[in-house]
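Below you'll find the structure, written out as structure tokens, and then a few comments.
The values are calculated or read from the model by the stated rules, or taken from the named source; none is laboratory data. Remember, predicted model here, so these are calculated numbers, not experimental data. Heads up, the Cβs are rebuilt from the backbone with ideal geometry, glycines too, and the neighbour counts pull from every protein chain shown. Note: accessible area is taken over every heavy atom of the protein model, side chains too, but ligands, DNA and RNA are not part of it. Shrake-Rupley method; radii C 1.70, N 1.55, O 1.52, S 1.80 Å.
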Amino acid sequence: MQDILALNCGSSSLKYGVYRGVECVFDDDAQEIKDHRLALTKALEHLSAQGFSQFSVVGHRVVHGGPDLRQHFVLTDETLAKLRSSVPFAPLHLPASLAVIDAVREKMPAVPQVICLDTAFHNTLPDVARIYALPEKVRQLGVQRFGFHGLSLESILAQLHPVPTNLVVAHLGNGSSITAIKNGKSIDTSMGLTPTGGVMMGTRTGDLDPGVMLFLSRHGFSNPDDLEALVNRQSGLLAVSGISSDVRHIPPDDLSLRMFAYQVRKTIAGMAAALGGLDLLVFTGGIGEHAEAVRKDICDNLKWIDPFEIRVLPAQEDLQIARIALSFSK
């Protein structure tokens with residue numbers, strides 16, 4: 001069986017693994033980097049030294065495909081052009097992903113590349129959850145709820161046998177989202193046009209009154225880059241705690257953690273209402289899997305909902321990349 005190279009590219013990181021079928025035979029933790037093309041070159045050199053130099057397919061995690069790319073796909077000149085045009089929807093992440101994709105094309109031109117979109121899982125969102133209350137001319141620009149963490153959610157479903165009718169998955173980490181899943185399909189999710197929306201996160205604001213942005217634009221934050229830095233890198237747990245974006249470094253009774261648990265709890269309850277009931281609540285992601293005190297704070301005030309099961313499962317995004325890439329290579 002030939003090897004699959006799974007690449008998980010962040011805005012300033014690159015994680016990679018090698019799979020034979022759906023068995024991981026080599027992986028490397030994400031490393032902070034500045035040059036994604038250089039990092040890809042070094043990764044391939046490292047893999048070659050470990051005996052991995054021939055790949056049947058390369059799978060990429062890509063955060064956003066814009067309004068025209070809503071399913072996982074095999075890269076072609078046409079789909080690559082559409083992906084490039086989607087950069088305004090994810091200006092922090094897509095340039096890095098495109099740099100890695102271009103580098104793979106250059107170094108392995110004959111190897112097919114499969115693009116695994118974090119937004120694809122939410123392609124089933126109904127109009128009541130997907131559409132914003134904005135004029136049609138604005139919506140035609142592609143402004144809608146896309147949702148994210150799709151590969152994590154797909155990997156959770158792959159671990160559930162059977163998949164319950166009414167499922168809520170709380171992916172809690174430096175980026176956090178809560179998703180309502182009905183019969184295996186996403187029907188609502190907390191993140192929106194971008195991964196900034198929803199509950200507060202490590203350094204992201206989560207949802208804001210739109211008037212806050214208008215107010216800020218008139219009071220020293222008229223530059224979009226300054227606003228972007230504020231809502232994505234200077235807010236959330238970091239801003240409220242004044243200590244860290246990492247829950248492990250924040251005192252357990254700090255306001256930031258109480259706010260986080262409150263917002264997650266409220267959102268879970270809203271997703272249960274969207275589903276019309278709750279059979280299973282799954283926690284995943286770095287906080288969801290490892291911060292037991294935070295989970296307890298979230299769940300203690302959900303006891304009024306009809307009895308439901310709670311499980312903690314790993315987010316297996318890289319394995320899901322391999323699964324998707326394998327499905328396209330058969």
Could you give every pair whose Cβ atoms fall below 6 Å, whose first residue belongs to the range 252-267 and is more than 15 Å from Ser235 (Cβ to Cβ), and whose second residue is open to solvent by less than 60 Å² (accessible area, probe 1.4 Å) and among the acidic types (Asp, Glu), counting only separations of at least 6 or pairs across chains? Ala261/Asp297
Within the range 276-299, tally of residues that are in a helix (DSSP H, G or I) and either open to solvent by 10 Å² or more (accessible area, probe 1.4 Å) or in contact with a Phe, Trp or Tyr (Cβ under 7 Å, 6 or more places away or on another chain) (or both): 11
When the residues of the range 1-24 are filtered to those that are open to solvent by 10 Å² or more (accessible area, probe 1.4 Å), more than 16 Å from the chain's Cα centre (by Cα) and of a type outside the set (Asp, Glu), which remaining residue is farthest from Pro95 (Cα to Cα)? Met1
Taking Leu80 as meeting all but one of (1) in contact with a Gly (Cβ under 7 Å, 6 or more places away or on another chain); (2) surrounded by fewer than 18 Cβ atoms within 10 Å (Cβ to Cβ), write down the number of the exception. (1)
Only one of these conditions is not met by Trp304: (1) assigned to a loop (DSSP other than H, G, I, E, B); (2) closer than 17 Å to Ile178 by Cβ. Which number is it? (2)
Could you tell me whether any residue of the range 159-167 is touching a helix residue (DSSP H, G or I) at 6+ places or on another chain (Cβ under 9 Å), without any contact (Cβ under 8 Å) to a residue 24 or more places away in the chain and within 30 Å of Leu280 (Cβ to Cβ)? yes
Are there any strands (runs of 3 or more DSSP E) wholly within the range 102-197 with 1 or more residues that are open to solvent by 40 Å² or more (accessible area, probe 1.4 Å) and farther than 30 Å from Asp77 by Cα, and if so which? 177-182, 185-189
